[in-house]
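Asks: Okay, here's the structure, questions in a sec.
Nothing in this text is a laboratory measurement; each read-out follows from the coordinates by a stated rule. As the structure is a prediction and not an experimental result, all values here were calculated from the model. As a convention, Cβ positions derive from the backbone with ideal geometry for all residues, glycine included, and neighbour counts pool all protein chains shown.
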Amino acid sequence: MDETPTISLARAIGRPALEGLEEGHRVERLPGVHLNLKIGGPLVLHFSAPSQKYAGKVVGFEPYSYIIVQSRIPQDVLARFAANTSLVAQHTASGRVYGFRTQMLNRIATPAPLLFLAFPETVDRIALRHNTRVAVNVLGSLQGKYGEHQAMILDLTPSGCKLSAKVDLKNPLREAQVGDRLVLHCQLGTGQNLVTPIELRRVAAEKGLLLVGAQFVDLTRETAEAVAAYIDSLLKFMDR
C-alpha cells in the first residue's frame, strides 16, 4: 500500500478523515465486521460538499448490510444530499478511533430523523495515544507498606494516573519513593471498581500534599478495558 488509509480518506474528501490524530498513529485497515458499533453509541458524520460535520447516534445496524443513525441535521441541509451521497463516519470506542467511508442509502424525517448508511467493507482503526489524558476528580485510596491513605486522582490515562494525598510530618506516606508499588482503589463513576497495583514514577511534596505520578502495572484485560471505556466516556464531552 502506497499511503496510509488516513491519508487516502483525507484526500478522497479533501479534509482529515479522522480528527484528533497525531503523526505517528498506527493505522490498521480491517474488514468492516471489525467496526465496534454499539446501539446508542455516538457517530460523527463528515460530508464533503460542502464540508460539514454533524453528531449522530447509532440506533440500529446489521453487519455487512446497513447502519441506522439518528442525527438532527437541518432539513434544508439534508435536502441537498441525495441517495448514495458519499460521506465519512467516525467514532471512538475502547481507546480506538474508527473511521470509514460509506454512502447514504435513505433518510426519513418521521417518526424521527434517521439516516440509513451502507455498512462499510473496510474500516480504518487507529489506537489513541497511550498517554491520552483527561482531568478528573476521583476519590480513592492507596494501600501498601505505608498503610492506607485517602487520595484524589487528578488525571487519568490508559496507562496511569496523577494523584494527590494529604500528608504531614508524621504521615508514613511522606516517605514514599519512586519505584514503590502500592495498590490503588477507586470507583470510576459508573459503578466500576478499579483495584490495581501502581508503581510510583514521580513523587513531590507541596504545601501539605504529596503529588504522585503513577503507572498501572499488571492490569487485567477487563480492568484495562474499563479504564479505556471510562476515558472514552469523558472525552465525548470535551472539546479536543
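Asks: What distance in nm separates the two pseudo spin-label positions at residue 55 and residue 174, each 7 Å out from Cα along the beta-carbon direction?
Replies: 4.7
Asks: How much length would be gained if the chain were fully extended between residue 64 and residue 80, taking 0.36 nm per residue of separation minus their Cα-Cα distance, in nm to one decimal? Could you put the intermediate results ahead of the total?
Replies: Values: separation 16, 0.36 × 16 = 5.76 nm, distance 2.68 nm.
Stretched out fully, the residue 64 to residue 80 stretch lengthens by 3.1 nm.
Asks: Under the 0.36 nm per residue contour assumption, what length would be gained going from the current alpha-carbon distance of residue 205 and residue 217 to full extension? Before the final figure, lay out each step's value.
Replies: Values: separation 12, 0.36 × 12 = 4.32 nm, distance 2.34 nm.
Stretched fully, the residue 205-residue 217 segment lengthens by 2.0 nm.
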